[in-house]
Structures are given as structure tokens and as C-alpha cells.
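Take a look at the structure set out below.
The values are calculated or read from the model by the stated rules, or taken from the named source; none is laboratory data. What you see is a predicted model; the values in this text were computed from it and never measured. Here the Cβ positions follow ideal geometry from the backbone for every residue, glycine too, while neighbour counts run over all protein chains shown.
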Amino acid sequence: MAPGLRSSSEDLLSFLKSSEFSDIIENIVKKQTDRLQETIDGLKREISVLKQNNIDLSNMLNRLCDGTVNKEPKKSIEKKELIPQKKKVTFADATKTPMQKQSKTDVNLVEEHEQHTEDIIIRTGPSEDESWKTASYQKQKAKRLKPMRGDFTNADIIDFVNTNFIEDFGVEEWIPPDFKEDPTFLSHIQNDEVREFATGVVQKWNLLGKKVKDIVRQHQSRYSLFLIPVPNGFIVPGGRFQEYYYWDSYWSIEGLLISEMTDTARGMIENFLDIVDRYGHMPNGGRVYYLERSQPPLLSFMAKLYYDYTNDVNWLEKHVEMLETELQFWMKRIRKITVGDKIYNAATYNARSYGPRPESYKEDYQLAQASAFKDNPDPLYIELKSAAESGWDFSSRWIIGEDGSNQGKLYQTNITRIIPVDLNAFLYGAFNIVGDFYGILNQEDKQTYWHEQAQIIYETIDELLWNQDDGIWYDYDFALQQHRKYFAASNLAPLWTKAYNTNTENTISLIDSVVDYLQRENIMDYQGGVPVTTEQSAEQWDFPNVWAPLQSIVVEGLENSGTARGKLWARTFAERFVNSVQLRYILDGDLYEKYDAVTPGDYGGGGEYETVVGFGWTNGVTLKFITQYFSSDSTISIQKHHSGGVD
Ligand SMILES: OC[C@H]1O[C@H](O[C@H]2O[C@H](CO)[C@@H](O)[C@H](O)[C@H]2O)[C@H](O)[C@@H](O)[C@@H]1O
């Protein structure tokens, strides 16, 4: 019964003493705290954007206090910007983002646009705290059900967009100043055709070089919905991906270093460090809508590539703390899993935020509408965004059907309850790298701290993810407390980061066990490279696709084991991949995002967009394999291995 309806003062007194009343008060306080936290987060974001734009904060605060901000004349609008150009259509207000609130001319529109932007709210910081699901979540959900003011037809909207917006992604072509036509490694390639091919691959860096337009830096608030500006030029994946991407960049940087483009490689890493400084983590890619999630944590690995290449201790000293900041973000993704009487620390992908992926809004929305998530789609959206955070969007690897298997529909994506082998192996590697860096810098405490963190994850990989019967690591479903016993190339990721007992005897038996596993799964039969999984689901991170980053992880993992059997298969897989990429290149001069395991020279497919050409990580991995397996010391030619396996 509500207090107003109580019959007597005694009733009221007893109500005031009751737990019901304290719950109500607690709830009110919680709601207020949530709101306050939201405001603080929003302010932090906006201050960071203002800082990027070199806006004098104290001056702005002063002007806000004496009311001069609102009186500023409206700035003239340059052409070629993705901004509303006329004020006549109220729909324009609905397209503004929280970041655009800071625009002086928009101050009075804040209230109005807030009512319409619920689906593009961005949470820049991760949180294990569930509180957003209560007060703010309910608020957002309630607003989402409100219809937009006015009746708009499709034609109105198309007309509105055409009249008010210009397509401009904020980046422009950039020829990296350190580009070299003929880096030294080319002259070490024995086979003429492979050398010609590698020369063509090197040329691609020029096509993939981009930089942020000056106008974006000058008028960042107008672009803030989209581009996250960075100081240095960068290599993009290609095709529809015209901004930098997090994990892709590791392999691009590796290729750049091989191509002697050290400045470009360093610039890209420093861009990312700068972003971590601003936002506390590295987003999926270079657009504001990617801030709500990250991608596989490879920034420390990029720094290691650069450090190993240059031995620049000063550079390391300058940046190592920012690498730590990034790892702190990932530490929050580590959860405690109890199995039997043991508690493990295990990392999961978990990108909590509201609404569909902004860049694939329609796809996610339609998927939710066609599923049981129709009336409450957010749990599904979180799964989809978390899958994108894994870099594997999408895959049977993340699907958990009713029977717990990987058979099901895309809306059965359930990645947040899976402990992925690769993520945990990457974190093990990253913690060790940062620990080693502190060792180089003679900071023993931090060296020990990060090595201890690595050891904690090691236990999880070794005890929870390792399957003794099959002799391989598997993803783990912690709700069902069972391994997901499916082939995924990522099952070999611990080899890449050496997350195993590396004494010689153990390494030999481990590689025997892993190679036996690959043979049982028939992976050696595929002449186009190592397929990502053996499940044909029509998603792009499934059979028969062959992805460059996974070729790199598998090949380097086997190679670096140092065992004869591991090295033999590393070379075979590397040669198959180079062969397939080269065959395609001979046909049309392009390198692709993904290839086909069954037919060498065919590009891959599936998923929600057309396969694209470019392509940053394919270029990088191809160059790496060519330097390693086709140079002067290489004794096996591409033709020799084209016909089949070894072992
Ligand atoms: O727009 C759809 C998805 O596109 C990206 O994912 C794919 O391309 C990325 C760039 O090469 C790559 O990093 C990722 O592994 C691919 O699956 C984007 O990263 C996704 O977040 C996005 O939803």
C-alpha cells in the first residue's frame, strides 16, 4: 500500500520503519547516483572532445557563466561536411549526438535532441557494474518506444538526408612519406614470380594510406559523430573500411616494418596510444560509434613489433604506461569462474551498451524483430556487439543452440558466456610483454606485477581451456561448464603467445598433440590455407573462409615452437596461403579480406557485407610469410608445395 493511503499515523510509522520503505529510498538514491554518473561520464567525453579541438576550456566556462556563449553568432557552414545545412527540418535535431550538444549554436536544442538519440548513446568506459540496467536502462527503453514527432515517409527521409547531408568520411588519401618502392627484402626473394607479386603488394600501402582531414581537426564537433581524429597517417583495411581498425593494424604494422616504413608503423601505434590516453581503451575502429567496444587486445604486441625492430628504449619508456592503461581496461573483462572447488580468472568479450550496432543498425534491428528478442532486444544487441569486439563477427563459434551446441541462428549468439581461447592467450601474451618491457626499463615491481597477472591467466588456459582427451585448447561455456569441442583456428592461439610449458620435452609432445588434432580435423586437406572453423554456417567467420590473421597465429605458433614437425606444417600452411593470395592477384591484381580454403585463389564470402579488397592484414601477413619462407634461405618453392601436404 502506498504511504498516502495509510489509515493512521501508526501505520505510517510502521511503514517508515519497514524494509519496503528503505527499499524505496535505496532505489531513489540509486537512480540519482546513476544519473549523476551518466552526467559525469558525458562531461568527461565532452571535455575530451573539446581538448582535442584545442578549445580553451576556462575561457568557455567563463563565457558560459556570463551567458555569452548563447549569443555567439552562428558559424558559417563549410561545404563537404557531414552536418545539417539548413534549419528547416525538425528531423535534423533528431540526428544530433550527445557530442554535438557542445556546439554553441545547439545549446537550446539539447533537450529536444535527447529525446531522439537514445540508440546512439555511447558508453566509453567498460563496467562490470550492472546498475545501468536499472534506472538509466529503463529510461532509455521507455524513450525508445516513443514515436518520432510527425509522419515521415521514406521519401521524406531520403529527401531530408540528400538536402541536409554530404557524404564525407573525414579522411583523405595519404601517401606515406616513408614509402619505399623496393625495400631490401624484395631482393632476397628467389622466385621471380613471387618477387614480382611481393613488389605489387608493397605498392598497395599507397592505396591504403589515409589521414584525417585538417577540417575535421578544426571543426571536430561537426564530425564528432563519426571520426575519432588521430595525429598521424594510417593504413586502413580497404573497401568499406576507410578508417583504422584495432586488431587489423597489428598485421599491417608487421608488413610496414618489413617494408621499412618504420615512421608509418610508429605513427599508427602512437595514434592508438593517444586514443587510449583520451578514452581509456582502444575502440574497435576509428569511428565514434565504435567506442562502445574494443577488439582483440593487440596494442602491446604492436609495441613489441616496433621495439624489436628499433630497440628504441626511450620510445618504450615514453609509452609503456599507456600500454598498461589499455591492459587495465581488459582486466575489467576478467571474471571469476568457479569450477569444482577452484576459482579461475577468465577473460570474456562483453561490450555492454544500448541499442543495435550503430553501423549495422538495420541488420541488428531486423534480427531482433525476427526473434524472441523482439520486445526486449538489448540482451541480443549486447551479444552482437560483443561478437564484433572479438573480431569474429559473426560465427558459429559464438552460437549456443538449445542443446548447447554451435548449431542455431544468429540471434542465438551468446558470446558473453564463452571463455575464448584466443582472448585469454592474447592477454597472457600482453601481460608478459608489458612485464618484459618493465624489465628492460629496470622497474622490477611492475615487471613482477604483470608477470604475475600473466601467470594467473596461464592457469586458466592450462587447466580450464586445455582438453586432455583431444590434446587441444577449447573455448569454454561457463554456464554449461563444458568445453565447446569444435575446430576453430583460434584453438591454437596459446601456441602464438607461448602460453604453455616451453621446456623442450613438453613442447615436442604438445606440438605432436596439436598436429595430430589438426589431422583428425582434416585441416591438412585444405589447399587454400587453414579454415577459420569447419562449420559451414554462411557467416563470414566460418568455413570455408581463410583469414590472414589466423594464418599468422597458426603459422607463427607452430614455427616458434622450434620443433621439426611444427616448423614443417608452419611452412606448408604459409606457402598455401601465399599461393592462394598470389593466384588471385595474378587474376585481378587485388588482395582480399578473406579467402577460400577449398579453392586456392578464390576469395571468401558470407556474412552481412560483400567481401572487400585492399587489404591491410592480408598484405601484412603475405609479406611476412614471403620474407620468412620465400627468401634466400628458403629451400622449398611455392610450386613444390602446391600439390599437397607433408608429414
Ligand atoms: O560493419 C560490420 C562489421 O565490420 C567490421 O568487422 C569486420 O571488418 C573489420 C575490419 O577489417 C575486422 O576487424 C573484423 O574482424 C571483421 O569482422 C567491424 O570491425 C565490426 O565491428 C562491424 O560490425
Point to revise | Residue count, the range 413-425 (criterion: within 14 Å of the ligand (Cβ to nearest atom) and assigned to a helix (DSSP H, G or I)) | key: 3
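Based on this model, can you work out whether Ser353 counts as within 16 Å of the ligand (Cβ to nearest atom), assigned to a loop (DSSP other than H, G, I, E, B) and within 24 Å of Val171 (Cβ to Cβ)?
No; evaluated as a whole, the condition is false for this residue.
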Revision key, fill the gap. Within the range 527-545, the residues that are farther than 13 Å from Tyr486 by Cβ and under 19 Å from the mean Cα position of the chain (by Cα) are Glu539, Gln540
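Any residue in the range 274-288 that is aromatic (Phe, Trp, Tyr) and either closer than 16 Å to Ala303 by Cβ or surrounded by 24 or more Cβ atoms within 10 Å (Cβ to Cβ) (or both)?
Looking through the range 274-288, none of the residues is aromatic (Phe, Trp, Tyr) and either closer than 16 Å to Ala303 by Cβ or surrounded by 24 or more Cβ atoms within 10 Å (Cβ to Cβ) (or both).
Determine, yes or no, whether Leu384 is in contact with a Phe, Trp or Tyr (Cβ under 8 Å, 6 or more places away or on another chain) and hydrophobic (A, V, I, L, M, F, W, C).
Here the answer is yes, as Leu384 does meet what is asked.
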Point to revise | Qualifying positions in the range 609-635 - within 12 Å of the ligand (Cβ to nearest atom), of a type in the set (S, T, N, Q) and not in a helix (DSSP H, G or I) | key: Thr611
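For Val202, are the conditions met, namely being β-branched (Val, Ile, Thr), farther than 22 Å from Ser294 by Cβ and either at pLDDT 90 or above or within 16 Å of the ligand (Cβ to nearest atom) (or both)?
yes
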Check your understanding: If you scan the range 175-210, which residues turn out to be crowded, with 19+ Cβ neighbours inside 10 Å and within 24 Å of the chain's Cα centre (by Cα)?
Key -> Lys204, Trp205, Leu208, Gly209, Lys210
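Counting residues that are surrounded by fewer than 24 Cβ atoms within 10 Å (Cβ to Cβ) and in contact with a Gly (Cβ under 6 Å, 6 or more places away or on another chain), which helices (runs of 4 or more DSSP H) fully inside the range 485-593 reach at least 2?
504-520, 564-588
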Review point. For Leu410, are the conditions met, namely being within 16 Å of the ligand (Cβ to nearest atom), within 20 Å of Glu610 (Cβ to Cβ), touching a residue at least 24 places away in the same chain (Cβ under 8 Å) and in contact with a helix residue (DSSP H, G or I) (Cβ under 8 Å, 6 or more places away or on another chain)?
Key: yes
Review point. Of the residues that sit in the range 394-407 and are touching a residue at least 12 places away in the same chain (Cβ under 8 Å) and in a loop (DSSP other than H, G, I, E, B), which one is farthest from the ligand (Cβ to nearest atom)?
Key: Gly404
**Study point:** Breaking point among (1) in a helix (DSSP H, G or I); (2) buried (at least 16 other Cβ atoms within 10 Å of the Cβ), for Lys362
**Key:** (2)
Exercise for review: Could you please let me know if Asp470 is crowded, with 16+ Cβ neighbours inside 10 Å and either on the phi > 0 side of the Ramachandran plot or in a loop (DSSP other than H, G, I, E, B) (or both)?
Suggested key: yes
Exercise for review: Being outside any loop (DSSP other than H, G, I, E, B) and more than 16 Å from the chain's Cα centre (by Cα) is the filter here, so list the residues in the range 279-314 that pass it.
Suggested key: Ala303, Lys304, Leu305, Tyr306, Tyr307, Asp308, Tyr309, Thr310, Val313, Asn314
Practice item. Confirm whether Ile415 is surrounded by fewer than 24 Cβ atoms within 10 Å (Cβ to Cβ) and hydrophobic (A, V, I, L, M, F, W, C). Key: no
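Using the structure shown, decide if Leu323 is more than 14 Å from the ligand (Cβ to nearest atom) and buried (at least 21 other Cβ atoms within 10 Å of the Cβ).
Spelling it out, Leu323 is indeed more than 14 Å from the ligand (Cβ to nearest atom) and buried (at least 21 other Cβ atoms within 10 Å of the Cβ).
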Review point. List, please: which pairs have Cβ atoms under 7 Å, are six or more places apart or on different chains, and start with a residue in the range 279-294 that is more than 18 Å from Phe234 (Cα to Cα) and end with one that is of a type in the set (Gly, Ala, Ser) and within 11 Å of the ligand (Cβ to nearest atom)?
Key: His281/Ser294; Glu292/Ala351; Arg293/Ala351; Arg293/Ala388
Exercise for review: Scan the range 210-232 and give yes if some residue there is in contact (Cβ under 8 Å) with a residue 12 or more places away in the chain, closer than 18 Å to His319 by Cβ and of a type outside the set (S, T, N, Q), otherwise no.
Suggested key: yes
Study note, to complete from the structure: Over the range 304-325, the set of residues in contact (Cβ under 8 Å) with a residue 60 or more places away in the chain and closer than 27 Å to Pro420 by Cα is Lys304, Val320, Leu323, Glu324
Revision key, fill the gap. The one condition Met524 fails out of (1) over 22 Å from the mean Cα position of the chain (by Cα); (2) within 16 Å of the ligand (Cβ to nearest atom) is (2)
Exercise for review: Have a look at Gly233, Gly238 and point out the one that is more than 16 Å from the ligand (Cβ to nearest atom), in contact with a Gly (Cβ under 7 Å, 6 or more places away or on another chain) and of a type outside the set (Val, Ile, Thr).
Suggested key: Gly233
Check your understanding: So which residues in the range 594-608 are in a loop (DSSP other than H, G, I, E, B), within 16 Å of the ligand (Cβ to nearest atom) and modelled with pLDDT of 95 or more?
Key -> Gly604, Gly605, Gly606, Gly607
**Study point:** Residue that is farthest from the ligand (Cβ to nearest atom) [pool: residues in the range 373-393 that are in a loop (DSSP other than H, G, I, E, B) and at negative phi]
**Key:** Asp375
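Have a look at Glu270, Glu317 and point out the one that is surrounded by fewer than 17 Cβ atoms within 10 Å (Cβ to Cβ), in a helix (DSSP H, G or I) and away from the ligand (no atom under 16 Å from the Cβ).
Glu317
Listed here are the residues, each with its yes/no results for (1) touching an Asp or Glu at 6+ places or on another chain (Cβ under 8 Å); (2) at pLDDT below 95; (3) more than 20 Å from Gly355 (Cα to Cα).
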residue	(1), (2), (3)
Gly391	no, no, no
Thr413	yes, no, no
Ile418	yes, no, yes
Asp422	no, no, yes
Phe431	no, no, yes
Tyr438	yes, no, yes
